[in-house]
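Here the structure comes first, spelled out in C-alpha cells, and everything after it is commentary.
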Amino acid sequence: MKQEAVAKVFIKAETPFTKSSIALPDLGEEEILVKTSYATICASDLHTFYGRRHSCSHSILGHEIIGIIEEISEEGVLDYYGTPLKAGDKITWSVYAHDPNSTTSKKGYPQKSEGLYKYGHEQISEKYQLNGGFSSHCHLRKGTTIFKLPAALTDTEAAPINCTHATIAGAMRLAGNLTGKNVLINGVGMLGLSASAMAKELGASNVWVQDINIEKANHAKSFGADEAFSFGEEELKDFAKEHGNIDVVIETSGVPEAIENCIQLLGIGGTIVLVGSVYSQRDLAINAEYLVRNLLTIRGLHNYIPEDLANAISFLEKSHKKYPFKELVGIEYPLDELEEAFETGNKGSYYRVGIKP
Ligand SMILES: [Zn+2]
C-alpha cells in the first residue's frame, strides 16, 4: 500500500482545519511529488481563514512553500533553466501552474492564463488533492515553474520567495529602471520590506518608506530604506522636493486614501505600481487632468511571471546576508497546531508565522 500524506484541510472560515490522511498520488505527465520542508502563512491565507476573502473549499491553504522532491514522473521534469530535476532536490515553485500556449500566456500574462491552477487556493479534486502548503506533501502539476533553491538560504528566508519577493520583483519590473531614481515604498509589511531592499539593490538613489505605524516604517531602515515617514506627514512632500521629487511609488497597503496620497506625491513623469489592492474597496478619486499634465503612470500587478520569481531568488541569494530576512518569521508551529499558528498570525505581531510539517 502506498504511503499517505497528512494535510490540514480548510472546510470553512473560522472553523478548525480537518486533519486528513490523503493517499499519495500516481504522478501524471511532467508531475512531481514534493515533501514539504516549510511553509509560511501569507496575509491572504489569514484573509481566507477569517472570512475576509472568498476561497474554495475543501482546500489546502498555504502557497508560500518549499520542499524536497520525493518523486518525479517517468519522462522527467526540467527546472526554469532547463536542467533536469531529480529526487532530493530542494525547490521552490511558482504559485500557479499555467499552459504556456494559452492565449493569455502568449500575451505575457501567464498568471492570468486560461485554466490557471493556483496552489493553496484550489478546491480539492479526486485527481489533485495535495495542492497546498499546510500538508506533508504537495503535488506539482505540469506548467509549474520550478527552481532549485540556493543552498545558502535558510528555510525561513526561502519560504516567502514565491509569493512576497516574486510579487515585488514583478512590481520592480513594471516600475522600470530604478538607477538614480527616488523611490517611495508605501506600507511596511513583508511586501514593503522586500520592496525597500530590492529597490536599493536595483540602484535607486534614495529609498523612502511611509506607514501609518512609524515603528514599522523605521524597521525598514534595516532593509535598505534611507528615510522613514509616518503616513500623511507633510514633511515627506517637502523632503522629496528637496531631493528632486519622487519618481516611483511601490504601493503595498492597498488603502484608497494611501494610493491617492501617493499619486499626489509623484513628481513629473512618475510611476506608481499598485500591488496591495487585493480586497474589495471604494473607487479612487483621481483627476485625469492632473495625471495628463504631470505625465504620470499608474500600473497594477497581481501575482507575477516566472522571470520575476527567478529574479527574486537571485536577489535573495545575493543579499540575504545584508538584510535580516530570516528574522521576519517570528515564530513557528508544527502542522498539528495550525489553528494556533493562524491565531498568532492574525494578531499581526510577526511579519510571518512559519509551519513545519
Ligand atoms: Zn501570498
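No value in this document is a laboratory result; all are computed from the given coordinates. Please read all numbers here as calculations on a predicted model, not as lab measurements. Cβ atoms come from the backbone with ideal geometry, glycine included; neighbour counts cover every protein chain shown.
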Once the dipole of the chain is set up from charges on Cβ (+1 Lys and Arg, -1 Asp and Glu), the residue from the list TYR350, CYS42, LEU338 lying farthest towards its positive end is CYS42
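Specify, per residue and in Å³, the volume enclosed by the convex hull of the alpha carbon atoms belonging to the stretch 198-276.
It comes to 88 Å³ per residue, whole-number rounded.
Given charges of +1 on the Cβ of Lys and Arg and -1 on the Cβ of Asp and Glu, with all other atoms neutral, how large is the dipole of the chain about its Cα centre, in debye to the nearest 20?
Working: 34 positive and 46 negative charges, 72 e Å.
Roughly 340 debye for the chain.
Could you list, in their original order, any pairs among LYS200/LYS321; LYS112/LYS142; LYS221/LYS321; LYS148/LYS321; LYS107/LYS181 whose Cα atoms are separated by more than 22 Å?
Working: LYS200/LYS321 15 Å; LYS112/LYS142 16 Å; LYS221/LYS321 15 Å; LYS148/LYS321 19 Å; LYS107/LYS181 29 Å.
The pairs that break the limit, which is 22 Å between Cα atoms, are LYS107/LYS181.
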Computed over the chain, the relative contact order (Cα-Cα under 8 Å, seq sep at least six) in percent reads 17 percent
If the chain between HIS58 and ASN101 were fully extended at 0.36 nm per residue, the gain over the current Cα-Cα distance would be 12.5 nm
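Of all trypsin sites (Lys or Arg not before Pro) in the stretch 104-183, which ones are in loop regions per DSSP and have a Cβ with at most 16 other Cβ atoms within 10 Å? Walk me through the numbers on the way to the answer.
On the way: sites: LYS106, LYS107, LYS112, LYS118, LYS127, ARG141, LYS142, LYS148, ARG173, LYS181; in loops: LYS107, LYS127, ARG141, LYS142, LYS181.
Sites meeting the loop and neighbour criteria: LYS107, LYS127, LYS142.
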Relative to the compact-globule estimate 2.2 N^0.38 Å (N residues), the Cα gyration radius of the stretch 1-159 stands at a ratio of 1.01
Close lysine pairs (the stretch 1-91; alpha-carbon distance under 19 Å; 8 or more apart or on separate chains) counted at 7
Placing each pseudo-label 7 Å from Cα in the direction of the beta carbon, GLU71 and LYS112 end up separated by a distance in nanometres of 3.8 nm
With R₀ set to 30 angstrom, the calculated FRET efficiency between the beta-carbons of LEU78 and VAL278, to the nearest 0.05, is 0.45
Quotient of Cα radius of gyration and Kirkwood radius for the stretch 168-300, i.e. Rg/Rh, equals 0.92
Length-normalised contact order of the stretch 168-300, Cα under 8 Å, at least 6 apart, in percent, tallies to 23 percent
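Is it possible to state the helix-based mean residue ellipticity at 222 nm for the chain, with each DSSP H run of 4+ residues giving -39500 (n - 2.57), the sum divided by total residues, to the nearest 500 deg cm²/dmol? What is it? List each step's numbers first, then the result.
Working: 11 runs with 94 residues, N = 357.
Computed mean residue ellipticity for the chain: -7500 deg cm²/dmol.
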Taking every alpha carbon pair in the chain and sorting the distances into 20 angstrom bins from 0 up to the bin holding the longest one, the percent per bin comes out as 30, 57, 13, 0
